[in-house]
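**Q** Attaching a single structure in structure tokens format; questions to follow.
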Amino acid sequence: MKLLVCISKTPDTTAKIAFTNGDTEFNEEGVQFIMNPYDEWYALVRALELKEAAGGSVTIINVGTSANDAVIRKGLAIGADDAVRIDADPKSSYFVAKQIAAYAADKEFDVVLTGKETIDFNGSEVGGMIAEALDMPFISYATHLEMDGNVAKITRDIEGGAEVAEVSTPFTLSASKGLAEQRIPNMKGIMMSKRKPLNVVAPVEISDPSKVVGYTLPDAKESVKLVDPENMTELVRLLHEEAKVI
Amino acid sequence: MVLVFAEQQKGKFKKATLEAITYGAKTAQLLNTTCAALVIGNAEGVDNLGVYGATKIYQINAEGLNDFDSQSYAAAIANAAKELGAKVIIMGHSSTGKSLLGRVAIRLEAGSVAGVNQLPSVEGGFKVNKNVFSGKAIATYELSSEVKVLSLMGNSLAPEEMGAAVAPEELSVDVPASRVKVLEAKTVDGEVPLPEAELVVSAGRGMKEPGNWGIIEDLAKSLGATTACSRPVADAGWRPHHEHVGQTGVAIRPNLYIAAGISGAIQHLAGVNRSKVIVVINKDPEAPFFKAADYGVVGDLFEVVPKLTAAINAYKAE
Ligand SMILES: Cc1cc2nc3c(=O)[nH]c(=O)nc-3n(C[C@H](O)[C@H](O)[C@H](O)COP(=O)(O)OP(=O)(O)OC[C@H]3O[C@@H](n4cnc5c(N)ncnc54)[C@H](O)[C@@H]3O)c2cc1C
Ligand SMILES: Nc1ncnc2c1ncn2[C@@H]1O[C@H](COP(=O)(O)O)[C@@H](O)[C@H]1O
């Protein structure tokens, strides 16, 4: 089975969020970057498990600059066979998806996996976009996947519950919690990752219909109003009269 | 024209759909155009979408749309948008909306923004805001394509009665056959799912053990709230996984979030800090959650929570 896993780089959740260049760009100074957890823990690991069970190959792909190479190497250390980096600085999900679809168009991947969303921009868009551009079915928010030959039985999260669907390869899915268990790269994996191929390819020409033109920080929260633990009637009054939420 | 995909579940429209219609109608006003609703399949109260601002209602009934499949649904919506000449397409940021948004955008070569929380500004370019970095910042997107696709974050604006009932018209569009077979759908009936809940009562490791959750359930019941929990509690199997909120769980923005015995770790806050009002009950005055809270109660939850339940019941009885 030929598997393609889309991986992205995000600031660690604990990173300080600040902007530069007239509040039009994220300030990367001193920020620790990680592989997006949904890509690393669930999409990549489930792809590796599928390969271990049925044979084949796992390719990871990223659209980004050479600043992403450390995160890509980590994906190789966890176990991917090879990596592709499309050398561009993406400004939108549309751009990312079009680039990945252009690369994958003639490679006959059986399954394309993405994370359910990136934890910085929370778009949840790239997976569906790739699927549309490649004319594939798309199952979002997959929490469980079993393959039987080329037929997959997938459980996915829906509002207030879950749905089980059946689909044949080729298809795209986005990975949610539950799809696999996180793997920590071991020493051997890290050593081997240095020799695995990381192919840098040029982007295709795309006119990008959207971009971020500015960032603002939310209004600072007023400091907490403490209520006497003996006086819950007062809390109820505040929630009703002041906050107007009940 | 602004076209709103009016999502239904089991033949019913949820509040999120009415929010999307009102958002669409207000966006249409800004753009000096009209707002239409698009319904797939049959549902109760289709005419009523007019009350919330749609001046036209189109209904598609086609084989292949009986079960949800993002590919056939996206094709139906995009083909309808082309046929009707819609320039802005709006849907809810639900699990359905999320799996459709990107597909519709690619089909229409449209710029898209997922999870907007305010009306767009249309002077000197089409710009719209959304929360990014787990609610720690707001990004303004500019969309330059002729057609734009947006998904609306739940609870961003209230549905408004701003029109009158409208009779739906049949619309027929090409829909490709679905390649996904839905085997079963399991949803909890009767309970408001977390992402849609307006009131949420949540608890964490401060509860000590799963057998103690009765007081949280009583509080939730007194308010008509949905229950949630922190991650360690779900990981330990004390509570079902769908209750887990935070960076790796569900992200929510209810009107009221009450957290008892939760320390307020950054990964927890990532999923809840967009709530309108946060109440924190914790015995440790230094718990980080108090910094993100509107109201705080420093005390033992085993005493405070039952007192709060009693106070709410007394208030409701009045
Ligand atoms: C990558 C990553 C992702 C994560 N994702 C999530 C996520 O999505 N969601 C999430 O919740 N966590 C997440 N976590 C875990 C998170 O960092 C915290 O460990 C977790 O939120 C703590 O849960 P808690 O507040 O229930 O427990 P604790 O941190 O143990 O806090 C318990 C609190 O209860 C209080 N307490 C104890 N007894 C009482 C009492 N009798 N009365 C009142 N108060 C009492 C204590 O003072 C304390 O503040 C993640 C962690 C990582 C590393
Ligand atoms: N720059 C990128 N390169 C490769 N894959 C990406 C990139 N950005 C996003 N993705 C993938 O798309 C998923 C959803 O991203 P998003 O739509 O931005 O929330 C992520 O979890 C990744 O799997």
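The values are calculated or read from the model by the stated rules, or taken from the named source; none is laboratory data. All values reported here derive from a predicted model rather than from experimental measurement. Cβ placement follows ideal geometry from the backbone for every residue including glycine, while neighbour counts extend to all protein chains displayed. Heavy atoms of the whole protein, side chains included, go into the accessibility calculation; ligands, DNA and RNA do not. Shrake-Rupley method; radii C 1.70, N 1.55, O 1.52, S 1.80 Å.
**Q** What about B:Val182, is it within 8 Å of chain A (Cβ to nearest Cβ), outside any helix (DSSP H, G or I) and either more than 16 Å from ligand 2 (Cβ to nearest atom) or of a type in the set (Val, Ile, Thr) (or both)?
**A** When the stated conditions are applied, B:Val182 passes them.
**Q** For the range A:179-201, check the following and say yes or no: at least one residue is surrounded by 13 or more Cβ atoms within 10 Å (Cβ to Cβ), facing chain B (nearest Cβ under 8 Å) and not acidic (Asp, Glu).
**A** No: zero hits.
**Q** Taking the criterion of being more than 9 Å from chain A (Cβ to nearest Cβ), under 25 Å from B:Asn117 (Cβ atoms) and modelled with pLDDT of 95 or more, would at least one residue in the range B:291-311 satisfy it?
**A** No: the range B:291-311 contains no residue that is more than 9 Å from chain A (Cβ to nearest Cβ), under 25 Å from B:Asn117 (Cβ atoms) and modelled with pLDDT of 95 or more.
**Q** A further question follows. Which members of the range B:229-249 meet the condition of being within 9 Å of ligand 1 (Cβ to nearest atom), more than 17 Å from A:Leu179 (Cα to Cα) and crowded, with 21+ Cβ neighbours inside 10 Å?
**A** Within the range B:229-249, B:Cys229, B:Ser230, B:Val233, B:Val245, B:Gly246 qualify.
**Q** Now for a separate question. Within the range B:79-87, identify whether any single residue is more than 7 Å from chain A (Cβ to nearest Cβ), crowded, with 24+ Cβ neighbours inside 10 Å, within 19 Å of the chain's Cα centre (by Cα) and not in a strand (DSSP E or B), and answer yes or no.
**A** no
**Q** Going through B:Ala259, B:Ala225 one at a time, which residue ends up being within 14 Å of chain A (Cβ to nearest Cβ), at pLDDT 95 or above, open to solvent by less than 60 Å² (accessible area, probe 1.4 Å) and within 16 Å of ligand 1 (Cβ to nearest atom)?
**A** So the residue among B:Ala259, B:Ala225 that is within 14 Å of chain A (Cβ to nearest Cβ), at pLDDT 95 or above, open to solvent by less than 60 Å² (accessible area, probe 1.4 Å) and within 16 Å of ligand 1 (Cβ to nearest atom) is B:Ala259.
**Q** Let me ask something else. Identify, please: which residue in the range A:26-51 is of a type in the set (Asp, Glu) and without any contact (Cβ under 8 Å) to a residue 24 or more places away in the chain and is, among those, nearest to ligand 2 (Cβ to nearest atom)?
**A** A:Glu28
**Q** Given the options A:Pro218, A:Pro229, name the one that is in a loop (DSSP other than H, G, I, E, B) and either surrounded by 13 or more Cβ atoms within 10 Å (Cβ to Cβ) or within 16 Å of ligand 2 (Cβ to nearest atom) (or both).
**A** Going through A:Pro218, A:Pro229 in turn, just one is in a loop (DSSP other than H, G, I, E, B) and either surrounded by 13 or more Cβ atoms within 10 Å (Cβ to Cβ) or within 16 Å of ligand 2 (Cβ to nearest atom) (or both): A:Pro229.
**Q** May I ask you to verify whether B:Ala20 is part of a loop (DSSP other than H, G, I, E, B) and open to solvent by less than 50 Å² (accessible area, probe 1.4 Å)?
**A** For B:Ala20, the condition - part of a loop (DSSP other than H, G, I, E, B) and open to solvent by less than 50 Å² (accessible area, probe 1.4 Å) - is not met.
**Q** Also, I was wondering about something else. Output the residues belonging to the range A:34-52 that are of a type in the set (D, E, K, R) and either within 16 Å of ligand 1 (Cβ to nearest atom) or not in a helix (DSSP H, G or I) (or both).
**A** A:Asp39, A:Glu40 - these are the residues of the range A:34-52 that are of a type in the set (D, E, K, R) and either within 16 Å of ligand 1 (Cβ to nearest atom) or not in a helix (DSSP H, G or I) (or both).
**Q** Just to be sure before I move on: is A:Lys91 of a type in the set (D, E, K, R), under 14 Å from A:Thr118 (Cβ atoms) and more than 14 Å from the chain's Cα centre (by Cα) in the structure I sent?
**A** Taking the combined requirement at face value, the residue satisfies it.
**Q** So for the range A:182-205 (the condition being touching a residue at least 40 places away in the same chain (Cβ under 8 Å), among the acidic types (Asp, Glu) and assigned to a loop (DSSP other than H, G, I, E, B)), does at least one residue qualify?
**A** No: zero hits.
**Q** Considering only the range A:80-116, state which residues are touching a residue at least 12 places away in the same chain (Cβ under 8 Å), more than 8 Å from every other protein chain (Cβ to nearest Cβ), open to solvent by 20 Å² or more (accessible area, probe 1.4 Å) and not basic (Lys, Arg).
**A** Selection gives A:Asp81, A:Asp82, A:Asp87, A:Asp89, A:Pro90, A:Phe95, A:Val96, A:Ala102, A:Tyr103, A:Ala105, A:Glu108, A:Asp110.
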